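Quick notes on the structure that follows.
The values are calculated or read from the model by the stated rules, or taken from the named source; none is laboratory data. These numbers were taken from a predicted model, which means no experiment stands behind them. Cβ coordinates were reconstructed from backbone atoms using ideal geometry, including for glycine residues, and neighbour counts include every protein chain displayed. All accessible areas refer to the heavy atoms of the entire protein, side chains included, with ligands and DNA or RNA removed. Shrake-Rupley method; radii C 1.70, N 1.55, O 1.52, S 1.80 Å.
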Amino acid sequence: MRPMRGYNRGGGGFGDMFPSLDSMAAKLAIAFVGISALFLATSRGQGGLLLLNPADVILRFRVWELVTYAFVATGPLGILFGGLIIWSIGGFLESTWGGKRLLLVAVGIPFVAGLITTALALVMPMSVYAGGSVMTAVMWVAYGLVIGKGQTNFWGIPLTGNWFAAIGAGFTVLNMLTAGSWRAVAPEIFGLVLVFVYVRGASPKRLMLQLQHWRLQRQLRDRSKHLRVVDRNRPPDRDQYLN
């Protein structure tokens, strides 16, 4: 586990730690709260430019929306709990991965999820998205998957990391059922799939190693077809053919 600069353990909560304000987790949380507050202050004006509108990304090339939407929660509770989740869970992930990898997951996965959603808008109508729930869901599930079979807690209830991740995915399912369409939570769905694949170890390097291993195993099987078992009762004069 890579140590993180200056984090403090707290009592309870998500991951039981709150990093110092100079950590990447704290900076992400501050950006989340700040951009969400900016959206609320400008929601009747230019605030929509912070949301992900796939049509605008395609037709008006507003590519920044693929990043900014992940920092927008549209209500006070979403901002409060989202900031706490990013700060606390992000503190654990940063202590495990380091700041750069945390940034890659927290921002990169929502970006790719938004890109996939935008691509789908070319063939079907999609919604306009405030993606604060995408970032928090990705970090929540990543935290649970990293712990795996280890123990954590959910509001004081002990459970494994895998179950903690399942609860995070369950929130997305509930949001989908509430909205009545998977399209309403498309970036969340794609984000959860991407973070599962990422944390479970799927990477270009790992896939290449797996391919090389498969090729080597195939070559060994092909060569073994030409081998013959030597008869233990063979005549001694046949040993000359072994050299």
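Within region 147-163, residues that are in contact (Cβ under 8 Å) with a residue 24 or more places away in the chain and within 19 Å of VAL199 (Cβ to Cβ) reach partners that are open to solvent by less than 40 Å² (accessible area, probe 1.4 Å) and among the hydrophobic types (A, V, I, L, M, F, W, C) with beta carbons closer than 8 Å, at six or more positions or on different chains, in the pairs THR152/LEU159; THR152/PHE164. Is region 71-84 home to any residue that is part of a loop (DSSP other than H, G, I, E, B), open to solvent by less than 60 Å² (accessible area, probe 1.4 Å), out of contact with any strand residue (DSSP E or B) (no Cβ under 7 Å at 6 or more places or on another chain) and touching a residue at least 40 places away in the same chain (Cβ under 8 Å)? Yes. If you go through region 156-165 and pick out every residue that is open to solvent by 60 Å² or more (accessible area, probe 1.4 Å) and either within 23 Å of GLY191 (Cβ to Cβ) or of a type in the set (Asp, Glu) (or both), you end up with 1. Cβ-Cβ contacts under 7 Å between residues 6 or more apart (or on different chains), taken from a first residue in region 46-65 that is without any contact (Cβ under 8 Å) to a residue 60 or more places away in the chain and open to solvent by 50 Å² or more (accessible area, probe 1.4 Å) to a second residue that is in a helix (DSSP H, G or I) and β-branched (Val, Ile, Thr), are listed as VAL63/VAL57. Of all residues in region 147-167, those satisfying the criterion of being outside any helix (DSSP H, G or I) and not hydrophobic (A, V, I, L, M, F, W, C) are GLY148, LYS149, GLY150, GLN151, THR152, ASN153, GLY156, PRO158, THR160.
The combined condition, being in contact with a Ser or Thr (Cβ under 6 Å, 6 or more places away or on another chain) and at pLDDT below 80, is fulfilled by GLY15. Report yes if some residue within region 180-202 is open to solvent by 80 Å² or more (accessible area, probe 1.4 Å), in a helix (DSSP H, G or I), modelled with pLDDT under 70 and of a type outside the set (Ser, Thr, Tyr); otherwise report no. The answer is no, given that none of the residues of region 180-202 is open to solvent by 80 Å² or more (accessible area, probe 1.4 Å), in a helix (DSSP H, G or I), modelled with pLDDT under 70 and of a type outside the set (Ser, Thr, Tyr).
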